[in-house]
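**Student:** If you scroll down you'll find the structure; I have some questions about it.
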Amino acid sequence: MSDVDSSKTPTLYEWAGGTEALKKLTEAFYRKVPQDEVLAPVFAHMSPHHAEHVAVWLAEVFGGPATYTERHGGYPYMLSQHLGRGITEQQRRRWVNLMLDTADEVGLPGDPEFRAAFVGYLEWGTRLARENSQPGAQPPKEAPVPRWGWGVAPPYQP
């Protein structure tokens, strides 16, 4: 791994291909969900705009524009979508696995550095969503949208 000038290091959003790449990912993913026996019950009453909402959430989290916050209300709205849903560990894990399979299918970058950051966020975010969805959960009502970065392995750029 070479030292990378952090001022020239692209965001995860840029590296992934921007909002359009993330929309392609979430649209393909949510086309599969109704046929998935583990996930279908969680998303049975999903808004027709859900895939786009998730794409702009991911875009903002990965360093792109604050569209989710501006259009949907940021963290408080995202939190409201998970409260009381009782997401199981099996559902959480299936969501992550199906998202990773879909990332491969739509051609999201496959380099180890991007995938490590991507998987890190999916694991963190889905574990938080599962915890926040449980009966009696009392997560903070206000928090900033997380900003996910490369962590310890920025992209290798010779």
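**Student:** Only one of these conditions is not met by ALA66: (1) in contact with an Asp or Glu (Cβ under 6 Å, 6 or more places away or on another chain); (2) surrounded by 16 or more Cβ atoms within 10 Å (Cβ to Cβ). Which number is it?
**Tutor:** For ALA66, the exception is condition (2).
**Student:** Separate question: Scan region 106-118 and tell me whether some residue there is in contact with a Lys or Arg (Cβ under 9 Å, 6 or more places away or on another chain), under 23 Å from GLU20 (Cβ atoms) and open to solvent by 40 Å² or more (accessible area, probe 1.4 Å).
**Tutor:** yes
**Student:** Taking region 19-48, which residues are small (Gly, Ala, Ser), over 13 Å from the mean Cα position of the chain (by Cα) and open to solvent by less than 30 Å² (accessible area, probe 1.4 Å)?
**Tutor:** Initial filter on region 19-48 (small (Gly, Ala, Ser)): 21, 28, 40, 44, 47.
Now restrict to residues that are over 13 Å from the mean Cα position of the chain (by Cα): 28, 40, 44, 47.
Result: ALA28, ALA40.
**Student:** Specify which of the listed residues (TYR121, TYR77) is among the hydroxyl-bearing types (Ser, Thr, Tyr), open to solvent by less than 30 Å² (accessible area, probe 1.4 Å) and either under 17 Å from PRO146 (Cβ atoms) or touching a Phe, Trp or Tyr at 6+ places or on another chain (Cβ under 6 Å) (or both). It would help to see each step written out before you state the result.
**Tutor:** Details: TYR77 fails: open to solvent by less than 30 Å² (accessible area, probe 1.4 Å).
Sole residue among the options that is among the hydroxyl-bearing types (Ser, Thr, Tyr), open to solvent by less than 30 Å² (accessible area, probe 1.4 Å) and either under 17 Å from PRO146 (Cβ atoms) or touching a Phe, Trp or Tyr at 6+ places or on another chain (Cβ under 6 Å) (or both): TYR121.
**Student:** While we're on this one: What is the number of the single condition among (1) out of contact with any Ser or Thr (no Cβ under 8 Å at 6 or more places or on another chain); (2) in contact (Cβ under 8 Å) with a residue 40 or more places away in the chain; (3) aromatic (Phe, Trp, Tyr) that TRP150 does not meet?
**Tutor:** (1)
**Student:** Moving to a separate point now. Do the conditions hold for VAL145, that is, is it open to solvent by less than 70 Å² (accessible area, probe 1.4 Å) and part of a helix (DSSP H, G or I)? Write out each step before concluding.
**Tutor:** Working: open to solvent by less than 70 Å² (accessible area, probe 1.4 Å): yes; part of a helix (DSSP H, G or I): no.
Against the criterion (open to solvent by less than 70 Å² (accessible area, probe 1.4 Å) and part of a helix (DSSP H, G or I)), VAL145 does not qualify.
**Student:** Tell me which of these ARG127 doesn't satisfy, since it passes every other one: (1) under 13 Å from the mean Cα position of the chain (by Cα); (2) surrounded by fewer than 19 Cβ atoms within 10 Å (Cβ to Cβ); (3) under 17 Å from TRP15 (Cα atoms); (4) not hydrophobic (A, V, I, L, M, F, W, C).
**Tutor:** (3)
The values are calculated or read from the model by the stated rules, or taken from the named source; none is laboratory data. This structure is a prediction, so every number in the text was calculated from the model and none was measured. Cβ atoms come from the backbone with ideal geometry, glycine included; neighbour counts cover every protein chain shown. We work out accessible area using only protein heavy atoms, side chains counted, and drop any ligands, DNA or RNA first. Shrake-Rupley method; radii C 1.70, N 1.55, O 1.52, S 1.80 Å.
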